[in-house]
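Remarks on the structure that follows.
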Amino acid sequence: MIDEETGRRALPGNGLPAERVLAEVRALRAADRPTHGGRLFAYVYDPAVPGLDELAAAAHAGSAHVNGLDPTAFPSLLAMENALVGAAARLLGGGPGSAAPDVVGSVTSGGTESLILAVKAARDAHPEIAAPRIVVPASAHAAFAKAAHYLRVAVDLVPVSARTLRPAAADVAAAIGPETVLVACSAPSYAHGVVDPVAEIAGAAAAAGVRCHVDACFGGWTLPYLRRLGADVPPFDFAVAGVTSISVDLHKYAYAPKGVSVLLHRDAALRAPQYFAYADWPGYTMVNPVIASTRSGGPIAAAYATVRHLGDDGYLRLAATTRDAVAGLADAVRAVDGLRLMAEPESTVVCFTATDAGLDLFVLVDELAARGWHTQPQLSYADLPPSVHLTVTAAVAPRVAEFGPDLADAVAAARAAGPVGLPAELLALASTLTADALTPELVAGLAAGLGLGGPAGATAPDPDAAAPGRSDGTAPGGPLPGRMAPVNALLDAAPPALRERLLVEFVGLLQRPTY
């Protein structure tokens, strides 16, 4: 058994044997969602390729202590990074013989960093603009808002159609002003998996003399393969003249371990403002292409090994498998009365909503979890209803036949359970309360009522004990409620500003040190 000392402290008084520490890690991991097996439709990307995890882990271990801070000291990392950038550039319409032969890029830690750097490069390219702005569709990834917040750039949001789930290019063009430094679009959007009208948006940006960034973090590595398989993928990459930068995550559909993304620019001049350099101190001159200074070579080496091992033919096969899985899941949704697809799938996303008030999507998500299917609920926004998001990977394909009957069964169970019954006063509070009016006492009361939070300083699980499971598929132990439908229902009733504040407070209750 883990005693009080070792169970609660990462820094015990006496060091522990390696196997004991690994056993603790395994016990903690037992509470996590499954990262393999095709039953988790968010957060992880599993190609179900035998031996790939071991290959990536070995490459990662071999370069984990290599530091990307100085490429002259570690040329292996520079070579692997350049190779990954070149592969991404060729896949996305750049490189020798293309319309964009001079594409350059950088490897980042993930899509959020890539988007922050795209905004930084656009902002810093115009030091004469005192109050820079970016034009972003409402469906664009929240990382654009994060970039704007960090970099003190204003965001002009363009609404998306409730029918097409895309922004109108004319609306984007109308939003561009003299202080606009960047226009963004998605290929595809994360929430619904649809590709924005990139050619039209990029054309409007070019006409105004503004950069256009295509966020292809989510699907940029697989859209070209889907096009080769016959899918009608609209132009979205460097083949579009007005596109000045593209981001694509390798830890998504390139199936590399987290976290590796690539930010591409059409040429070196466009990339130059991305760099940070500083020499006005007595230490070494700092030159960074990305936000981090020290960078472990592990993720880059793992991505390099993954891409080299799978190869172009491997990615084409994986895209075909994923395409078929998407089609099967979409058919399963169409077959259930009371559900409808938010959009006909055109990438690797299946997104659906309910068509009647008697079916609570948040209860349905919990019922699916009880049957071993971990999906991602999405709250209502503007005139868009709540929805359920499925990120589909190649590993899902063998499970498709199981999903349909379980979905129908979960819908029946959700109908029988009925919608979440939050107290009327709580719903009224959520719809009228402002974020500034929240007090610690009010947050604590809401959290307790919803089953969030738990005893501070909870101990690590016993690695020698069997990991208990819950019938609803949620994590055993820990400060989380058995079902999330009440939490999601409360958040859905609140306006976005209050949602943000509530989530910050709720997550803050979970993230407490164990002393």
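Points to keep in mind about this one:
- Taking the C-alpha atoms of the range 98-157, convex hull volume expressed per residue in Å³: 117 Å³
- Using distinct alpha-carbon pairs, which all enter the 1/r mean, Kirkwood radius of the range 187-238 in Å: 11.6 Å
- Working ranking of peptides 92-99, 502-509 by packing, defined as the average number of other Cβ atoms within 10 Å per residue, highest first, is 92-99, 502-509.
- Base-10 log of normalised Debye intensity for the chain (one unit scatterer per alpha-carbon) at q = 0.11, 0.13 Å⁻¹: -1.10, -1.50
- Extents of the range 336-390, taken as max minus min of Cα coordinates on every principal axis and listed largest first, are 27, 27, 22 Å.
- Dimensions in Å of the range 316-446 - Rg and Dmax from alpha carbons: 17.4, 54
- Stretchable slack from Arg26 to Asp356, in nm (0.36 nm times residue separation minus alpha-carbon distance): 114.5 nm
- For Ala42, the residues 5 or more places off, or on other chains, whose built amide H falls under 5 Å of its own are Thr391.
- Highest-first arrangement of 323-330, 390-397, 167-174, where packing means the average Cβ count within 10 Å: 390-397, 323-330, 167-174
- Centroid-to-centroid, using Cα positions, the range 268-325 and the range 163-201 are 26 Å apart.
- Ignoring lysines fewer than eight residues from Lys120 along the same chain, the ones with Cα atoms less than 17 angstrom from its Cα are Lys146.
- Entry comment: accessible area of the range 351-390 is 29 Å² per residue, from protein heavy atoms only and a probe of 1.4 Å.
- The packing ranking of peptides 439-447, 248-256, highest mean first, is 248-256, 439-447, where packing means the average number of other beta carbon atoms within 10 angstrom of each residue.
- Cross-link partners for Lys258 among the aspartates and glutamates, with Cα-Cα distance under 16 Å and sequence neighbours closer than 8 places in the same chain left out: Asp46, Asp53, Glu54, Glu81, Glu113, Asp249.
- Applying Stokes-Einstein at 20 °C and 1.002 mPa s to the Kirkwood radius of the range 284-354, computed over alpha-carbon pairs, gives a translational diffusion coefficient of 135 µm² s⁻¹.
- Potential lengthening between Leu69 and Ala138 on full extension [0.36 nm per residue; Cα-Cα distance subtracted]: 21.3 nm
- In terms of its C-alpha gyration tensor, the range 190-334 comes out oblate, because a/c is 1.5 or above while a/b does not outweigh b/c.
- Over the chain: helical MRE at 222 nm, DSSP H runs n ≥ 4 each giving -39500 (n - 2.57), nearest 500: -12500 deg cm²/dmol
The values are calculated or read from the model by the stated rules, or taken from the named source; none is laboratory data. None of the values given here were measured: they were computed from a predicted structure. No Cβ is skipped: glycine too gets one built from the backbone with ideal geometry, and neighbour counts run over all protein chains shown. Note: areas computed on protein heavy atoms with side chains; ligands, DNA, RNA excluded. Shrake-Rupley method; radii C 1.70, N 1.55, O 1.52, S 1.80 Å.
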